[in-house]
Amino acid sequence: MAVSGALLVLFLFAHAAGNLKIFVGLSDFDHYAEWLRGLGTPLLPHAWFLWIQRVGLLVAIGLHIWAATALTIRARKARPVKYAHRPKIQGSYAARTMRWGGVIIVLFVIYHILDLTTGHLNPEGGDSDPSARVVADFAPERWYVTLFYVVSVVAVGFHLRHGIWSAFRTLGQQTTKGERRAQAIALVLSVVLVAMYLSVPFAVLTGLVD
Amino acid sequence: MDIKVRVWRQAGPSAAGKMVTYDVKGISPDASFLEMIDVLNETLILNGDDPIAFDHDCREGICGMCSMVINGVAHGPEKATTTCQLHMRKFKDGDVIDVEPWRAAAFPVIKDLVVDRTPLDKIIQAGGYITAPTGTAPDAHATPVPKKDADAAFEAATCIGCGACVAACPNGSSMLFTAAKIAHLGLMPQGQPERDSRVIDMLQAQDDAGFGGCTNAGECTTVCPKGIPMSLIGRLNSDYRKAISKR
């Protein structure tokens, strides 16, 4: 859970940093997308490095979901009879929503790839420039797409709020001072990541990027 | 105080159980929660009914026998307090209080509020011991222990093995219990020889007993009557990582 999750967090930050290229200019954003596919050439054929990364990510996602499913099945088996009275007073909201939050994130990732990577669900289609797809996606009349995007990104934020801290603990963090530090790191990284991702649809909606 | 209690009644391990409501009248606010159940049981016995079975022993908060989930919280609303040390003044006149047993597959209900906590003993048997020569007691200063380590080990050793961590855990995991035992022995020089095998064997026993896995949700430490810190689970994870890397 911790190791596969850490790999996915690294990817999320690299992806978010790439997104911010759109603030430099739409054509710069397209050049960035082209550059990504050219990474590793001429050592590797065109887009091979990207595919190696994609396979690595899929393995990490697979392991992460497998571990989460195993934990969920064990949890169900470990408490066959539920409590009649069970208030939700303890634990954090982030910790409570890890499982359903994870399901929302998976559904979003599938939609996100069909929308912005392959272009199947995008009004501009798959042959368009990446920047045109982004601008068309978050147009004000497609507010429901933006809303789904915002909800999913916030879900990622909550997931990481508990996930990053929990990863530190799983890997052996054990002092009280370190616990406060790990909690703070998890909170700051989650908030920064959510802000990075939400800045793009916000910029398109307000006409900052056009 | 006049209150109502809704208690889980189950005649035996394989019988079906249900929540039954009882009126309890004229309870002193200074009575402990268990004394309130005692008063209710006297009424039940006078009426020819079966009294409510519940675990209790020292009633001083140190034996770890009492085990009631009160209004959904293991050991009730008072922090760092066992059920026997919880007083009725923490409730209001006219309250309806729900009382349930620990709920876990590893803790089958024997009767009413009594559950079988043998799996915690199995975890201890798997590695909760040290190897020491028998015979005359060693000199107290034969093996010096730094004060810091002694205090930390003592904090972990205050775990009374009541199982509230399991009852509260959304995953039904006993990780806080196991972590406390591993820290209490692993912090001492006497606990070093078995340190690696201890963590592997105790976790294996925990998995075999049907407890769930830890997801660091943190419910355990909030209900722990001894306030065992969750950071000990990090220590267990660290010990486990080092132990398996040596195998």
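Annotations for the structure displayed:
- Considering B:ALA180, B:ALA168, the condition of being open to solvent by less than 20 Å² (accessible area, probe 1.4 Å), under 15 Å from the mean Cα position of the chain (by Cα), at the interface with chain A (Cβ under 9 Å from one of its Cβ atoms) and not acidic (Asp, Glu) is satisfied by B:ALA168 alone.
- Selection count, the stretch B:150-165, where residues are open to solvent by 20 Å² or more (accessible area, probe 1.4 Å) and not charged (D, E, K, R): 8
- Helices (runs of 4 or more DSSP H) contained entirely in the stretch A:1-95, each with at least 3 residues that are touching a strand residue (DSSP E or B) at 6+ places or on another chain (Cβ under 9 Å) and modelled with pLDDT under 95: none
- For B:VAL199, the requirement of being at the interface with chain A (Cβ under 9 Å from one of its Cβ atoms), in contact with a helix residue (DSSP H, G or I) (Cβ under 9 Å, 6 or more places away or on another chain) and among the β-branched types (Val, Ile, Thr) is not met.
- Residue match in the stretch B:78-87 (condition: in contact with a strand residue (DSSP E or B) (Cβ under 9 Å, 6 or more places away or on another chain), within 20 Å of B:GLU219 (Cβ to Cβ), surrounded by 15 or more Cβ atoms within 10 Å (Cβ to Cβ) and free of Cβ contacts under 8 Å to residues at least 24 places away in the same chain): yes
- Taking the listed residues A:ALA94, A:ALA70, A:ALA33, the one that is within 14 Å of chain B (Cβ to nearest Cβ), open to solvent by less than 70 Å² (accessible area, probe 1.4 Å) and more than 26 Å from B:ARG117 (Cβ to Cβ) is A:ALA94, with no other qualifying.
This table checks each residue for (1) open to solvent by less than 20 Å² (accessible area, probe 1.4 Å); (2) among the charged types (D, E, K, R).
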{"residue": "B:PRO13", "(1), (2)": "no, no"}
{"residue": "B:GLY17", "(1), (2)": "no, no"}
{"residue": "B:THR21", "(1), (2)": "no, no"}
{"residue": "B:LEU44", "(1), (2)": "yes, no"}
{"residue": "B:ASN47", "(1), (2)": "no, no"}
{"residue": "B:ASP50", "(1), (2)": "no, yes"}
{"residue": "B:ARG59", "(1), (2)": "no, yes"}
{"residue": "B:ASN71", "(1), (2)": "no, no"}
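- Entry remark, the stretch B:218-247: residues being within 18 Å of the chain's Cα centre (by Cα) and more than 12 Å from chain A (Cβ to nearest Cβ) number 4 in total.
- Residues of the stretch B:1-56 that are more than 24 Å from B:CYS162 (Cα to Cα), touching a residue at least 60 places away in the same chain (Cβ under 8 Å) and assigned to a loop (DSSP other than H, G, I, E, B): B:MET1, B:ASP2, B:ILE27, B:SER28, B:PRO29.
- Residues of the stretch B:221-231 that are open to solvent by 20 Å² or more (accessible area, probe 1.4 Å) and assigned to a helix (DSSP H, G or I): B:THR221, B:THR222.
- Among the candidates B:GLY64, B:GLY135, B:GLY94, B:GLY48, residue that is more than 14 Å from every other protein chain (Cβ to nearest Cβ) and touching a strand residue (DSSP E or B) at 6+ places or on another chain (Cβ under 8 Å): B:GLY94
- Boolean, B:LEU185 is closer than 18 Å to B:ILE160 by Cα and either out of contact with any Pro (no Cβ under 9 Å at 6 or more places or on another chain) or away from chain A (no Cβ under 14 Å) (or both): yes
- Subset of the stretch A:117-135 (residues that are among the hydroxyl-bearing types (Ser, Thr, Tyr) and open to solvent by 50 Å² or more (accessible area, probe 1.4 Å)): A:THR117, A:THR118
- Scanning the stretch B:197-209 for residues that are buried (at least 19 other Cβ atoms within 10 Å of the Cβ) and either assigned to a helix (DSSP H, G or I) or on the phi > 0 side of the Ramachandran plot (or both) yields B:ARG198, B:VAL199, B:MET202, B:LEU203, B:ALA205, B:GLN206.
- Long-range neighbours under 7 Å by Cβ, at least six apart or interchain, first residue in contact (Cβ under 8 Å) with a residue 24 or more places away in the chain within the stretch B:122-142, second open to solvent by 100 Å² or more (accessible area, probe 1.4 Å) and part of a loop (DSSP other than H, G, I, E, B): B:THR131/B:PRO193
The values are calculated or read from the model by the stated rules, or taken from the named source; none is laboratory data. As the structure is a prediction and not an experimental result, all values here were calculated from the model. Cβ coordinates were reconstructed from backbone atoms using ideal geometry, including for glycine residues, and neighbour counts include every protein chain displayed. Heads up: the accessible areas ignore ligands, DNA and RNA and are worked out on the full protein's heavy atoms, side chains in. Shrake-Rupley method; radii C 1.70, N 1.55, O 1.52, S 1.80 Å.
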